[in-house]
Every structure is written in C-alpha cells, then in structure tokens.
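Here is the structure we will look at, set down as structure tokens.
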Amino acid sequence: MVEVVALHKKGRLADAHLRLTAGSLALLGPNGAGKSTLLGLLAGRLKADGGTVRLFGHDPRSLGAARVRAYIPQHLTFPPTLRAEEILEAARRLKGATLQDRAEATGRMGLEAHLKRPVAQLSGGWRQRLALAAGLMGYPPLWLLDEPASALDTEGLERLQDWMAAHLAMGGLVILSAHRQEEISRLAEQFVRLENGRVIQQGSVNYAQEPS
C-alpha cells in the first residue's frame, strides 16, 4: 500500500494526500504542477519538508522501501559505450534477479535484436525501452514511472501495457505521470490531478480528461 498524508515540499508541493491499495494511478497536470516532485518524494530522491509517506509501511528513504519499488525517471542516462546487454546484466546483479527475470524483461520490451548495440547507437525510444526493462526486471511490488511512454512508439506502448497488466494481476501497484490521453487510458485506472503543487481532483480514469 502507498499512503501519502499532508505531504509538503517547499515551493513545489503542498498538503498532498493519496492512498493506493490496488491497481494503477496516473498523476495528471501541466508541467510544473508537482507530478515529478511527488514521484521524487515517493522514490526517496527528495526529502519532504512536512507530512508522511509510507510504501508498504516503509519510509521512502529507507532500505526497506528501496527493496519494494522501482523508479524510472523521465530522463535516465546510461554510459554511452556500454551495450544494452551489459546494462541489463548490471541491473540483474544489482537487484539480485535471476537470468530468467532478465530474459523476461528483455522480451517484454522487445530488446532481443538490440542487445549487442551500445547505448550511443540506440534511439530515444529504444533507450526508454532499455530503461524500463532494467528498472522493472524482477517485478518489484511498486512501480514509479515518470512519463514512461513519452518516447515510445505504438508497439512499445503496447508492450509496456501488457507488462503492466501482468504486474497488476499479481497484485502490484503502479504510480505514473502522463500527458497523452492514449497513455492515460491504456496505463491507468485511477487519477490524481495536480495544479500548482496541489491535488485538485481525483477519481476513475473513465472520468479524467486531460486539458488540451
């Protein structure tokens, strides 16, 4: 379970509340609304100025929280000379995942034909697939995804949707930020809309419409 109570980050987020016990949640709102700040706080990358956060009972900056979540920021940089397979193997070892986990992550994002290519030779879309495969490998219970489909083509988005469906079917949780309506409708069941660092609306994605 993810629980946020009166969370505050000076100048960026004010009195945010949310609770997620099942399914997937989209953070909506214009640039600067506080979506990435909230994800950064959940990921333990930022320190709150007030309020509380618990991820399956853990403080987000604790080792316990790190073990139950995956965080994929919007812009993730890999060493350009490393091959895709080396990135995935490093992620596997860091996570303590199995070779089967690595093979599944590779297949989920369709990376098989690109494993020998250095990062510098991958397009933005393929780098995003690599980041997702490396980060989500092994099914950590909570996925925190900042604009996960921003560089994905239609096939990449479908692959992410299928993988997320398998994760949710096993009881996993997902919190993501998104702008495109296609991403929101495919990847999320619930939404929270932020504006100027405050939560102004929440509910079912069926009733969410991102402003043009």
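The values are calculated or read from the model by the stated rules, or taken from the named source; none is laboratory data. What you see is a predicted model; the values in this text were computed from it and never measured. As a convention, Cβ positions derive from the backbone with ideal geometry for all residues, glycine included, and neighbour counts pool all protein chains shown. Note: accessible area is taken over every heavy atom of the protein model, side chains too, but ligands, DNA and RNA are not part of it. Shrake-Rupley method; radii C 1.70, N 1.55, O 1.52, S 1.80 Å.
Cross-link partners for Lys47 among the aspartates and glutamates, with Cα-Cα distance under 14 Å and sequence neighbours closer than 8 places in the same chain left out: Asp59. Other residues with beta-carbon under 11 Å from the beta-carbon of Gly44 carry, at +1 per Lys or Arg and -1 per Asp or Glu, a net charge of +3.
Taking square-rooted eigenvalues a ≥ b ≥ c of the alpha carbon gyration tensor, is segment 37-140 rounded, prolate or oblate, where a/c under 1.5 means rounded and, failing that, a/b exceeding b/c means prolate? Show your work: numbers first, answer last.
Numbers: a/c = 2.78, a/b = 1.79, b/c = 1.55.
Since a/c reaches 1.5 and a/b is larger than b/c, the shape of segment 37-140 is classed as prolate.
Helix 124-136 and the longest principal axis of the Cα set of the chain meet at an angle near 80°.
Determine the dipole magnitude for the chain: charges of +1 sit on the beta-carbon of Lys and Arg, -1 on that of Asp and Glu, nothing else is charged, the reference point is the Cα centre, and the result goes in debye to the nearest 20.
On the way: 26 positive and 21 negative charges, 142 e Å.
The calculation lands at about 680 debye.
Between the Cα long axis of helix 99-108 and the first principal axis of the chain there is an angle of about 70°, rounded to the nearest 10. Here are several values of P(r) over Cα pairs in 10 Å bins from 0, in percent: (i) 9, 35, 36, 17, 2; (ii) 8, 28, 31, 20, 10, 3, 0; (iii) 8, 31, 29, 18, 10, 3, 0. Which one was derived from the coordinates shown? Derived directly from the coordinates: (i).
For Thr77, the solvent-accessible surface computed with a 1.4 Å probe is close to 120 Å², ligands and nucleic acids excluded.
Per Stokes-Einstein, at 10 °C and 1.306 mPa s, what whole-number D in µm² s⁻¹ belongs to segment 1-92, with the Kirkwood radius over Cα pairs as the hydrodynamic radius? Before the final figure, lay out each step's value.
Details: Rh = 14.7 Å.
Translational D for this selection: 108 µm²/s.
Other residues within the sphere of radius under 12 Å centred on the Cβ of Arg61, judged by their own Cβ, net out at +3 (K and R +1, D and E -1).
Let me have the relative contact order for the chain, percent, based on Cα pairs under 8 Å that are six or more residues apart. The partial results should precede the final answer.
Working: 404 pairs, mean separation 63.3, N = 212.
Over the chain, the number comes to 30 percent.
Dipole of the chain computed with +1 at Lys/Arg Cβ and -1 at Asp/Glu Cβ about the Cα centre; of Ala178, Gly96, Val119, farthest Cα towards the positive end is Gly96. When the Cα positions of Gly110, Phe56, Gln74 are compared along the charge dipole of the chain, Phe56 comes out farthest toward the positive end, with charges on each C-beta of Lys, Arg, Asp and Glu.
In this Cβ point-charge picture (+1 for Lys and Arg, -1 for Asp and Glu), segment 116-185 has a dipole of about 360 debye about its Cα centre.
Among the trypsin sites (Lys or Arg not before Pro) in segment 148-212, those located in a DSSP loop and surrounded by at most 16 other Cβ atoms within 10 Å of their own Cβ are Arg180.
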